[in-house]
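Engineer: Provided herewith is a single structure, encoded as structure tokens, for subsequent inquiry.
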Amino acid sequence: MGDLVDLTGDGGVIKTIVRRAKADAVAPTENLPLVDVHYEGVLAETGEVFDTTHEDNTIFSFELGKGTVIKAWDIALRTMKVGEVAKITCKPDYAYGNAGSAPDIPPKELKKQREMAAAIKEEEKKRREEAKAAAAARVQAKLDAKKAQGRGKGKAK
């Protein structure tokens, strides 16, 4: 682990893999750009955490490529898969600019750690629906078997 990848070619967004995703994990696509992440925002200069979803165990959801998050997120999260954990270090041009974002984020380089909690909601929803359907089919099969068993006992009397 700890592989460093320069995602922009200019050192603006550096990804360090902390934990790799499973080989069959899904990644965001043009058709499924909605991602859910756990994150911790840390100031590079002081190491101070300025924002996190870990304290209240919330998940932040957004659609890639819509400009609703810092550029570094749009770039880095496209390269990640569900279950992968990475440390993303970005220069101001890929975060909040040279001015920062007062009062919490001074005009310095920003580090972000992102975990794809359930990268693609639609994919996860589909898997849950399939699992529910399979469970319902198993329950129905057991009920049908009991009914058939009950009918067989009734005829013997």
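The values are calculated or read from the model by the stated rules, or taken from the named source; none is laboratory data. This is a predicted model, so every value here is computed, not measured. What goes into the accessible areas is simple: the full protein's heavy atoms, side chains included, and nothing from ligands, DNA or RNA. Shrake-Rupley method; radii C 1.70, N 1.55, O 1.52, S 1.80 Å.
Engineer: Compare Phe50, Phe62 by solvent-accessible area with a 1.4 Å probe and give them largest first, with all protein chains kept in place. Write out the running numbers ahead of the final one.
Structural biologist: Numbers: Phe50 35, Phe62 10 Å².
Solvent-accessible surface, decreasing: Phe50, Phe62.
Engineer: Also: Probe 1.4 Å, all protein chains in place: accessible area of Asp24 in Å², nearest 10?
Structural biologist: Surface accessible to solvent at Asp24 totals approximately 120 Å².
Engineer: Considering only protein heavy atoms, what is the solvent-accessible area of Thr68 at a probe of 1.4 Å, reported in Å² to the nearest 10?
Structural biologist: Roll a 1.4 Å probe over it and Thr68 shows about 100 Å².
Engineer: A follow-up question, please. Where q = 0.19, 0.28, 0.29 Å⁻¹, what log10 of I(q)/I(0) comes from the Debye formula for the range 42-83, counting one point per Cα?
Structural biologist: After summing over all Cα pairs, the log10 values are -0.79, -1.09, -1.09.
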